Amino acid sequence: MSPVFLLTLRQLSGKWRVVIMTTLAALPVFFTAMSVRAIDAPSVSEFEIIVLSTMLAGSIAPLIIVAIASVAFANEIEERTLANLTLSPIPRWQIVLPKLAASVVVAGPFIVGSAVLTSFLAFNHDALAIFAVATGILVGLLMYASVFVWLGLVTKQAIGVGLLYIVLWEGFFSGFVSGIRFFSIRHYSIALMHGLDPRRFAESQPVGLPTTIAVSVAVVVLFLVLSTRRLRNMDVP
Amino acid sequence: MSGRPEPVIRVDHVSRWFGSVVAVSDVTFDILPGITGLLGPNGAGKTTLLRMMTGLAGVSDGSVTMFGEPVRDNPSLYGRMGVMSEHETVYSFMKGREFVRMMGRLRGVVDLDAATEKAIDLVDLPHAAHLPMGTYSRGMRQRMRLAATLVHDPEVLILDEPLNGADPRQRVHFQSLLQKLAEGGRTIVISSHILEEVEQVAETVLLIVNGKLAASGGFRSIRAALDKRPYHVRIISDDPRALASAVVRLPSVDAVNVDPDGAIIVLSNNVRDLQVELPKLAQASSISLRRVEPLDDSLESVFGYLVEG
């Protein structure tokens with residue numbers, strides 16, 4: 001296993017991060033558990049918009065991953081330990097990819113676990129619905145992670161910029177300006193849920209499954225390439 | 001055909017600027033196997049230069065090559081070099097042995113266990129290798145970082161202020177280790193603000209002042225090149241007052257002071273001429289010279305001249 005991957009796992013697995021991730025991941029589960037018992041429980045489409053789209057795909061998943069992926073490189077830059085890695089005789093992508101993988105491995109169980117439990121409670125143990133929601137969230141997580149890993153390489157304020165992106169772009173503009181949703185990770189996360197289980201977000205008219213898969217792969221590859229290029233060209237402190 | 005060996009590192013008209021600030025300006029030199037000291041005052045551009053020599057930073061102009069290849073964005077070259085930066089931060093959660101082992105793995109070491117133990121032995125730190133580096137003293141951290149730099153037995157070592165935090169015993173150990181490595185044919189570049197350390201180990205020095213290469217070569221050859229600059233010589237004789245009044249008339253002498261302890265301090269503008277004239281003058285004046293010693297022959301004073309100049 002890549003030493004960069006193992007190193008990053010240890011760097012990102014601090015106690016406080018685990019506490020924050022657990023707390024955030026528990027919110028949709030708690031909200032869903034309360035909702036399904038309530039007399040005025042939301043309809044399926046309301047639940048999908050409020051919990052799956054806005055809360056899980058648009059807030060919790062990016063908030064958790066921004067706290068993990070954006071520091072995968074940013075901590076090394078701040079601590080001035082990145083030279084340990086960049087002065088190794090390995091291609092730069094073999095540094096970027098393990099950093100991304102470790103970010104997903106650390107954050108993934110919390111986010112995907114939250115998605116599985118939330119959909120398990122909401123959709124009466126419907127296996128296809130659970131699979132669709134979990135897969136949509138996982139792919140969204142991958143896209144967010146690739147963006148935030150790159151962000152950690154280009155700015156010292158990666159978490160701040162990432163939070164602005166989550167609140168303004170994913171949370172506000174993509175919800176109100178129709179054209180922008182095609183540039184929103186949350187949109188493709190939802191589209192994948194719909195593609196795998198057409199009952200989900202049936203009224204939202206998301207893009208088709210092939211387009212969703214193509215865009216998801218393109219986003220991850222694009223930001224991996226950008227991160228690799230950045231690592232090759234930057235001045236390493 | 002020239003008998004001069006091919007340089008291991010070639011820095012060719014290298015400049016680096018950050019906005020309007022010029023950190024390194026048109027610096028050219030070659031580095032051959034052996035120990036080369038890189039000296040200069042704080043902010044002179046030493047670290048920027050070292051970072052460009054290792055490929056960690058790009059050049060604004062010029063080129064840096066190692067073994068004839070560009071160092072920037074050339075990972076295949078990095079297995080042949082060991083770099084210890086000036087930053088002392090370590091992965092505090094990692095044990096010393098884990099750190100050295102990880103660096104060995106990253107650098108493609110085959111017999112990882114043996115290489116790790118050998119590197120830790122070299123820096124004389126096996127007793128602490130099982131402890132997290134967060135518990136280390138500053139000197140221990142530096143030594144374990146040096147072990148990680150040496151674990152893949154690199155041909156080129158670039159060390160930026162490696163002795164920060166080391167105690168005198170460790171310094172001696174380090175100097176002898178460097179000399180042993182250099183005798184094995186390695187190329188070592190060491191930067192230090194403790195000039196005596198460099199003077200003791202480096203065969204060649206590069207003096208960087210205000211981002212420019214102020215001088216390069218052997219320490220004494222640099223000093224000889226500076227002979228035309230003012231030069232202090234301390235002379236002890238059996239008649240300091242007579243000697244002072246005689247020596248002040250020499251064309252190679254600018255000023256003379258008599259110390260309370262009886263020695264005279266001569267400020268010479270041409271030390272080579274003074275070397276010839278002084279014995280003749282003493283003989284002609286029947287003055288016995290007991291001791292003649294240059295006060296400026298330390299690296300510190302050469303350095304001071306260049307900085308002030």
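Quick check on the stretch B:273-300: of everything there that is at pLDDT 65 or above and either under 25 Å from the mean Cα position of the chain (by Cα) or closer than 25 Å to B:A202 by Cα (or both), which residue is surrounded by the most Cβ atoms within 10 Å (Cβ to Cβ)?
Result: B:D296.
Of all the listed residues (B:L39, B:L56), the sole one being touching a residue at least 24 places away in the same chain (Cβ under 8 Å) and touching a Leu at 6+ places or on another chain (Cβ under 6 Å) is B:L39. Within the stretch A:1-15, the only residue that satisfies the criterion of being free of Cβ contacts under 8 Å to residues at least 60 places away in the same chain and more than 11 Å from every other protein chain (Cβ to nearest Cβ) is A:K15. Would you point out which residue out of B:G55, B:G108, B:G82, B:G62 is under 22 Å from the mean Cα position of the chain (by Cα) and on the phi > 0 side of the Ramachandran plot? Going through B:G55, B:G108, B:G82, B:G62 in turn, the sole match is B:G55.
Please work out if A:W150 is surrounded by 20 or more Cβ atoms within 10 Å (Cβ to Cβ) and over 14 Å from A:L52 (Cβ atoms). The answer is yes for A:W150.
A:P89 - would you say it is closer than 28 Å to A:M1 by Cα, surrounded by fewer than 23 Cβ atoms within 10 Å (Cβ to Cβ), in contact with a Pro (Cβ under 7 Å, 6 or more places away or on another chain) and free of Cβ contacts under 8 Å to residues at least 40 places away in the same chain? Yes, satisfied. A:A72 satisfies every condition listed in (1) touching a Phe, Trp or Tyr at 6+ places or on another chain (Cβ under 7 Å); (2) small (G, A, S); (3) closer than 24 Å to B:K95 by Cα except (1). Would it be correct to say that A:A57 is at the interface with chain B (Cβ under 7 Å from one of its Cβ atoms) and farther than 14 Å from A:F110 by Cβ? No, not satisfied. Looking only at residues in the stretch A:208-237 that are closer than 12 Å to A:V139 by Cα and touching a Ser or Thr at 6+ places or on another chain (Cβ under 8 Å), which one is farthest from the other protein chains (Cβ to nearest Cβ)? Residue satisfying both the conditions and the ranking: A:V219. Would you confirm whether any residue within the stretch B:15-33 is β-branched (V, I, T), outside any strand (DSSP E or B) and in contact (Cβ under 8 Å) with a residue 24 or more places away in the chain? Among the residues of the stretch B:15-33, not one is β-branched (V, I, T), outside any strand (DSSP E or B) and in contact (Cβ under 8 Å) with a residue 24 or more places away in the chain, which makes the answer no. Note on the stretch B:80-96: residues that are in a strand (DSSP E or B) and either more than 7 Å from chain A (Cβ to nearest Cβ) or farther than 25 Å from B:L50 by Cα (or both) amount to 4. Counting just the residues of the stretch A:92-108 that are of a type outside the set (A, V, I, L, M, F, W, C) and either without any contact (Cβ under 8 Å) to a residue 60 or more places away in the chain or crowded, with 24+ Cβ neighbours inside 10 Å (or both), which one comes out nearest to the other protein chains (Cβ to nearest Cβ)? Residue satisfying both the conditions and the ranking: A:K99. Criterion applied to A:R230, A:R199 was being among the basic types (K, R) and at pLDDT 95 or above, and the one residue passing it is A:R230.
Yes or no, residue by residue, for (1) more than 14 Å from chain A (Cβ to nearest Cβ); (2) among the polar types (S, T, N, Q); (3) over 13 Å from B:V83 (Cα atoms):
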| position | (1), (2), (3) |
| --- | --- |
| B:S137 | yes, yes, yes |
| B:M140 | yes, no, yes |
| B:E161 | no, no, no |
| B:V172 | yes, no, yes |
| B:Q175 | yes, yes, yes |
| B:G185 | yes, no, yes |
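Number of residues in the stretch B:142-173 that are of a type outside the set (S, T, N, Q), over 16 Å from the mean Cα position of the chain (by Cα), surrounded by 20 or more Cβ atoms within 10 Å (Cβ to Cβ) and closer than 25 Å to B:L32 by Cα: the value is 8. Would you mind stating whether A:F131 is closer than 25 Å to A:V29 by Cα, in contact with a helix residue (DSSP H, G or I) (Cβ under 9 Å, 6 or more places away or on another chain), modelled with pLDDT under 95 and of a type outside the set (S, T, N, Q)? So A:F131 does not fit the description; no.
For the stretch B:249-261, does any single residue satisfy the condition of being in contact with a Gly (Cβ under 9 Å, 6 or more places away or on another chain), over 22 Å from B:R220 (Cβ atoms) and part of a strand (DSSP E or B)?
no
Here the condition is being of a type in the set (A, V, I, L, M) and within 30 Å of B:E86 (Cα to Cα); of A:L87, A:L52, A:L63, A:L56, it holds for A:L87 alone. Answer yes or no: is there a residue in the stretch B:40-61 that is assigned to a strand (DSSP E or B), modelled with pLDDT of 95 or more and over 24 Å from B:A182 (Cβ atoms). Within the stretch B:40-61 (the criterion being assigned to a strand (DSSP E or B), modelled with pLDDT of 95 or more and over 24 Å from B:A182 (Cβ atoms)), the answer is yes, since at least one residue qualifies.
Filter the stretch B:187-215 down to the residues that are part of a strand (DSSP E or B) and either within 11 Å of the chain's Cα centre (by Cα) or aromatic (F, W, Y) (or both) and list them by number. B:I188, B:V189, B:I190, B:S191, B:T204, B:V205, B:L206, B:L207, B:I208 - these are the residues of the stretch B:187-215 that are part of a strand (DSSP E or B) and either within 11 Å of the chain's Cα centre (by Cα) or aromatic (F, W, Y) (or both). Among the residues of the stretch A:70-83, the ones that are surrounded by fewer than 24 Cβ atoms within 10 Å (Cβ to Cβ), of a type outside the set (V, I, T) and either more than 9 Å from every other protein chain (Cβ to nearest Cβ) or out of contact with any His (no Cβ under 9 Å at 6 or more places or on another chain) (or both) come to 4 in all. Scanning the stretch B:143-154 for any residue that is within 13 Å of chain A (Cβ to nearest Cβ), of a type in the set (K, R) and in a loop (DSSP other than H, G, I, E, B) turns up nothing. Screening A:A145, A:A218, A:A158 for residues that are of a type in the set (G, A, S) and free of Cβ contacts under 8 Å to residues at least 60 places away in the same chain leaves exactly one candidate, A:A218.
When the stretch B:102-124 is filtered for residues that are more than 7 Å from chain A (Cβ to nearest Cβ), closer than 18 Å to A:I90 by Cα and touching a residue at least 24 places away in the same chain (Cβ under 8 Å), the ones remaining, listed by number, are B:G104, B:V109. Would you check if there is a residue in the stretch A:35-47 being within 21 Å of the chain's Cα centre (by Cα) and touching a residue at least 24 places away in the same chain (Cβ under 8 Å)? Yes; the residues of the stretch A:35-47 include at least one that is within 21 Å of the chain's Cα centre (by Cα) and touching a residue at least 24 places away in the same chain (Cβ under 8 Å).
The values are calculated or read from the model by the stated rules, or taken from the named source; none is laboratory data. Because the structure is predicted, anything quoted here is derived from the model rather than measured. So basically every Cβ, Gly included, is an ideal-geometry build from the backbone, and we count neighbours across all protein chains shown.
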